[in-house]
Amino acid sequence: MISARSRTLVWVLAAVVWVALIGGCSKEAAEDQDAVSDQSDGVVVSAAISREALADFFTAHFDRGLERNPLSASYVGRETHKDQWNDVTEAFEMESIALLRDDLAQIKTFEDPALADAERLSKALFIRNGERELALDEFRRERYVIHQFRGPHTRVPSALINVHRVATVADAEAYVGRLNNVVSYFDGVIEQLNLRAEKGLLLVDWMYPQMIQAAENVVTGQPFDDGEQDSIIWSDFKAKVDALAIESAEKQRLLNAGRDGLRNGLQPAYYRLIETLKAQAKAASGDDGVWRFERGGDYYQALLNWYTTTDLTADQVHELGLANVDRLQADMRALMDRLAFEGTLVEFFASVRASDSLRFPNTDQGRDQYLEAARSAIDAMKVRLPDYFGVLPKAELTIKRVEPFREQSAGKAFYQGPPMDGSRPGIYYANLYDMSAMPKTDLEALAFHEGVPGHHLQRALTAELGGIPDFQRYLSFTAFTEGWGLYSEYLAKEMGFYQDPYSEFGRLAMELWRAARLVVDTGIHHKRWTREQAIDYLLQNTPNAESDCVKAIERYIAMPGQATAYMIGKIRILALREQAQEALGEQFDIRQFHDVVLGSGPVPLDVLEENINAMVAARLDDLAG
């Protein structure tokens with residue numbers, strides 16, 4: 001069913017699922033498809049040639065992207081210009097958009113009748129993603145190039161420490177090259193910041209001190225000063241060089257080069273960025289939402305379309321949030337009765353926030369205990385996975401604490417996927433800076449969301465999946481990816497987890513958190529709520545710690561629209577499952593459903609619906625036959 005240049009499916013069961021996904025196309029049907037020809041200007045074009053050309057197009061597009069974006073190449077395991085960073089200059093971005101327009105024009109020349117169903121899906125996803133990128137590019141200036149939650153200032157140390165492998169002297173020299181080349185990378189960042197400043201498109205005033213502090217953390221310690229501690233990057237580079245099996249003189253040469261790169265390349269680059277941020281902070285506004293921009297309303301709607309892959313308006317998203325907050329709070333009141341708690345829901349929330357017994361100590365020992373408990377939850381889940389999934393990833397999962405240099409501004413938890421070559425594991429990062437914001441109640445649900453059966457299972461499978469073009473693995477459809485993560489929290493209950501009532505409370509609290517996000521995100525960016533109004537809403541309607549609420553609202557201000565994708569995606573995945581169960585009755589197979597959901601990589605929610613409908617139709621045909 002796929003061209004000779006495409007990868008073969010890795011797993012037999014995945015092949016079976018894929019057949020169901022594309023409507024039961026058999027080997028004979030695929031061969032018939034090869035016999036199709038397209039009449040164009042009197043020239044007969046072989047379908048096989050057309051399909052091979054499409055595979056070549058996808059490969060060339062993906063390879064060109066990695067060639068032009070060296071850091072992205074490192075993330076996916078490619079050794080392409082390993083001493084360079086991604087180019088973020090205006091000239092580069094304009095060139096990228098021009099290339100995308102050319103690609104969209106070219107891919108539309110591949111006629112659908114000449115393609116197999118799987119290839120039609122890949123073509124459709126390429127066009128869909130390209131057109132949405134063009135739509136969002138209309139608001140390029142409104143998009144924050146850096147904010148306190150993430151950006152180039154934290155990306156540099158994170159990439160060097162977690163992504164840049166040093167297995168050879170050449171790898172170490174490339175590391176030094178990246179230290180020296182931070183200057184050109186940050187020049188592009190500063191150019192983008194200045195272009196926005198010229199149009200008055202600045203960040204919110206309170207963001208700047210956090211970004212400046214995080215940047216200063218990177219250039220604190222040796223060899224930047226005479227402090228007792230090594231800086232985070234210097235410590236990492238020394239450890240990686242020390243692990244090389246080379247002569248001591250060669251190690252010393254590399255260390256000298258690394259020290260020079262830090263002092264003469266990276267440090268001046270950071271100082272220039274910090275100076276730019278300090279200068280722009282003086283003119284920044286205290287208004288929090290993107291409504292403050294001249295095209296803020298249209299920009300926010302474009303972001304909602306991007307993240308949810310729906311046409312829901314801000315008002316519809318807001319109302320959906322309110323309805324789900326009511327639903328989940330009703331479930332929590334029922335749980336209060338189980339726990340024989342007497343009082344209001346707000347009082348119950350306050351008691352959970354104040355309970356030391358529901359938290360690990362705010363010490364390094366308490367942080368180690370949290371990580372160990374999270375690993376135990378993941379290990380217990382792995383045992384149950386084969387009952388619910390036919391295809392499981394090969395990539396390992398590592399659980400790590402968010403590094404101290406970025407933990408004060410980073411989110412509560414996040415996941416970094418493995419590359420296609422399996423050279424690195426997937427990483428679940430837990431932010432343990434403030435242990436009051438990481439209660440035991442949430443531990444299971446958070447581990448299942450970020451680890452398995454959540455992001456690690458989904459994204460590692462996508463990296464390993466055969467039969468799809470590489471570009472398809474890295475598409476960004478947040479409602480699918482984050483919807484799957486939230487669905488995974490719910491699925492874990494059906495799998496027998498959350499036996500402790502307080503753990504079930506944590507699951508409900510996590511889902512309530514996502515419902516409240518719909519309310520506060522639209523509140524901030526559409527209804528003109530202040531940061532303080534949004535924080536107060538979370539404090540009154542969720543059990544989360546105040547520090548958690550503050551950091552969350554600051555994240556939603558920095559990343560407009562993104563937080564709405566979780567609940568919208570989860571609701572749709574669960575609705576599709578219920579529809580499939582109703583249609584198939586006792587013949588419904590939860591393993592097949594999950595394998596089909598994950599079998600194409602990330603997709604828009606409407607495409608996911610088409611895939612599930614195709615699975616149901618194929619299964620009904622089998623039963624009828």
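Couplings 3J(HN,Hα) of segment 60-77, computed from phi: 5, 4, 5, 5, 5, x, 6, 5, 7, 10, x, 5, 4, 4, 4, 4, 8, x Hz, in residue order, whole Hz [Karplus 6.51 cos²θ - 1.76 cosθ + 1.60, θ = phi - 60°; x for Gly and Pro]. Scaled against the 2.2 N^0.38 Å expected of a compact globular protein of N residues, the Cα radius of gyration of segment 312-563 reads 1.01. Gyration tensor analysis over the Cα atoms of the chain returns equivalent ellipsoid semi-axes of 37, 34, 25 Å (largest first, whole Å). For segment 222-296 and segment 411-476, what is the centre-to-centre distance using only Cα atoms, to the nearest Å? Cα centres, segment 222-296 to segment 411-476: 26 Å.
Taking a straight line from the alpha carbon of residue 412, these lysines sit under 27 Å away, with near neighbours fewer than eight places off in the same chain left out: 278, 382, 394, 400, 440, 493, 527, 551, 570. One chain, two ends: residue 319 and residue 195. Fully extended at 0.36 nm per residue, the span grows by 41.0 nm beyond their Cα-Cα distance.
Annotation: peptides 131-140, 526-535, 480-489, ranked by per-residue average of other Cβ atoms within 10 Å with the highest first, follow the order 480-489, 526-535, 131-140.
Between rounded, prolate and oblate, where does segment 73-201 land on the alpha carbon gyration tensor, with a ≥ b ≥ c its root eigenvalues, rounded for a/c under 1.5, else prolate if a/b exceeds b/c? Oblate, since a/c reaches 1.5 and b/c is not below a/b. By definition, a body whose alpha carbon gyration tensor gives a ≥ b ≥ c is prolate when a/c is 1.5 or more and a/b is larger than b/c, and segment 152-294 fits this prolate description.
In segment 333-381, the alpha-carbon atoms span a convex hull of 97 Å³ per residue.
With both residues required to sit in segment 370-496, DSSP beta bridges show an antiparallel share near 45%.
FYI, it's all coordinate maths here, none of it is from the lab. Computed from a prediction, not measured in an experiment: that's the story for all the values here. So basically every Cβ, Gly included, is an ideal-geometry build from the backbone, and we count neighbours across all protein chains shown.
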